[in-house]
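Asker: Dropping a structure here in structure tokens format, bear with me for questions.
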Amino acid sequence: MNTVANEGAERGTEVRPGPPSQVDLAFDRTFLAQERTLMAWLRTSMSLVTFGFMLFKAFLYLEQIGKITPTRQILGPRTYGIIIIAVGVFGLIAAIAQHIRVLKRLRLHTDRLPRSLALIPTLVFACVGVLALCVAIWEHQ
């Protein structure tokens, strides 16, 4: 027990903790750097998935209205769109795995790290990306 805090509480005065240590601040900086890195991966993956899906749907639309002839090339424009979507989704999944692994390693050394707020939108968009990939593959057949 902290005797200084107990003595202050007994006298009715407020005892404030001292400034955070250098080690605590280093953990905070590392945690925030991990959050920023995950958000950068999210931004990049969102760009890849949306561009790939737009490319896929644009060529599907052009085929439907008869502006271009349907092609079943191995690496046609629609297949290229699916590949771009897959790169975005799998890159985001790898970033999520790395983020979780690094935070677990940080939590071995300190218990004062907050929960990752960047992980929530990243997981949501990973699900959206997987859904977009499934739709593109389904419509490609």
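The values are calculated or read from the model by the stated rules, or taken from the named source; none is laboratory data. Fair warning: this is a prediction, and the values are worked out from it, not measured in the lab. When we count neighbours, we look across all protein chains shown, and the Cβ atoms used for this are built from the backbone with ideal geometry, even at glycine.
Asker: Name the single residue, out of those in the stretch 111-141 being over 15 Å from Ala33 (Cβ atoms) and of a type in the set (S, T, N, Q), that is modelled with the lowest pLDDT.
Answerer: Gln141
Asker: Here's something else I'd like to know. How many residues are surrounded by 14 or more Cβ atoms within 10 Å (Cβ to Cβ) and among the aliphatic types (A, V, I, L, M) if we restrict to the stretch 51-69?
Answerer: Selection size over the stretch 51-69: 3.
Asker: Still on this structure, please answer the following. Gly88: under 30 Å from Arg29 (Cβ atoms) and surrounded by 11 or more Cβ atoms within 10 Å (Cβ to Cβ), yes or no?
Answerer: Yes, satisfied.
Asker: In the stretch 66-93, which residues are small (Gly, Ala, Ser), outside any helix (DSSP H, G or I) and at negative phi?
Answerer: Answer for the stretch 66-93, where residues must be small (Gly, Ala, Ser), outside any helix (DSSP H, G or I) and at negative phi: just Gly76.
Asker: A further question follows. If you go through the stretch 20-30 one residue at a time, do you hit one that is surrounded by 12 or more Cβ atoms within 10 Å (Cβ to Cβ), in a helix (DSSP H, G or I), of a type in the set (A, V, I, L, M, F, W, C) and modelled with pLDDT under 95?
Answerer: Within the stretch 20-30 (the criterion being surrounded by 12 or more Cβ atoms within 10 Å (Cβ to Cβ), in a helix (DSSP H, G or I), of a type in the set (A, V, I, L, M, F, W, C) and modelled with pLDDT under 95), the answer is yes, since at least one residue qualifies.
Asker: Given the condition at pLDDT 90 or above, outside any loop (DSSP other than H, G, I, E, B) and either among the basic types (Lys, Arg) or within 16 Å of Ala132 (Cα to Cα) (or both), answer yes or no: does some residue in the stretch 9-18 qualify?
Answerer: The answer is no; no qualifying residue exists.
Asker: Hey, another quick one. Which of (1) surrounded by fewer than 17 Cβ atoms within 10 Å (Cβ to Cβ); (2) in contact with a His (Cβ under 9 Å, 6 or more places away or on another chain); (3) of a type in the set (A, V, I, L, M) does Ala94 not meet, given it meets every other one?
Answerer: All conditions are met except number (2).
Asker: Taking the stated definitions as given, is Leu42 under 19 Å from the mean Cα position of the chain (by Cα) and assigned to a helix (DSSP H, G or I)?
Answerer: In short, yes.
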